[in-house]
Amino acid sequence: MTIVVTDNCTECRFTECVTVCPVAAFRQGDDMVYIDPNVCIDCAACIPKCPVHAIFDEFDLPEDKQDWIQINAKNSESCPPITEKLVPLPNAENRRTMLGYGGE
Ligand code: SF4
């Protein structure tokens, strides 16, 4: 089993998730974060922290998001660890609204 970040994070990168990870499994990409499957212990603490519902247990991944398992694994190899919250990306609030989570 693994936990994966999906496309809802793109252009948001709110990073509430990274602050609750007990093992520093998150990696910082240019426009989103990823989870390194070799580090993640599948605790699921990060899943409810995402304001745009971008994080899934792989068993709950919709069919059209299955590619994100490999994308997280691959991009985690080249992206640095992130453990502290960042300022969200400039378009984050617009994107949250567009995704339907603006009122949360
Ligand atoms: Fe970290 Fe737990 Fe999320 Fe894995 S599931 S990335 S260990 S908070």
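Give the residues of region 74-97 that are touching a residue at least 60 places away in the same chain (Cβ under 8 Å) and either of a type in the set (Ser, Thr, Tyr) or surrounded by 16 or more Cβ atoms within 10 Å (Cβ to Cβ) (or both), sorted by residue number.
Once the filter is applied, which keeps residues that are touching a residue at least 60 places away in the same chain (Cβ under 8 Å) and either of a type in the set (Ser, Thr, Tyr) or surrounded by 16 or more Cβ atoms within 10 Å (Cβ to Cβ) (or both), region 74-97 yields ILE82, THR83, PRO88, LEU89, ALA92, ARG95, ARG96.
Are any residues in region 6-32 within 18 Å of LYS74 (Cβ to Cβ), within 11 Å of the ligand (Cβ to nearest atom) and out of contact with any helix residue (DSSP H, G or I) (no Cβ under 6 Å at 6 or more places or on another chain), and if so, which ones?
The one that is within 18 Å of LYS74 (Cβ to Cβ), within 11 Å of the ligand (Cβ to nearest atom) and out of contact with any helix residue (DSSP H, G or I) (no Cβ under 6 Å at 6 or more places or on another chain): ALA25.
Only one of these is touching a strand residue (DSSP E or B) at 6+ places or on another chain (Cβ under 8 Å) and over 19 Å from GLY102 (Cα atoms): GLN70, GLN28. Name it.
GLN28
Residue pairs, Cβ under 8 Å, 6 or more apart or interchain, first in region 26-52 and part of a helix (DSSP H, G or I), second more than 10 Å from the ligand (Cβ to nearest atom). List them.
As it stands, the answer is ILE47/PHE56; LYS49/GLU16, since those pairs meet every condition given.
Test each condition in (1) exposed (fewer than 14 other Cβ atoms within 10 Å of the Cβ); (2) more than 16 Å from PHE14 (Cα to Cα); (3) not β-branched (Val, Ile, Thr) for PRO37 and report the one that comes out false.
(1)
Where a number appears in this text, it was derived from the coordinates with a stated rule and is not lab data. The shown structure was predicted, so the numbers you read here are calculated from the model rather than taken from an experiment. Neighbour counts run over all protein chains shown; Cβ positions are idealised from the backbone, glycine included.
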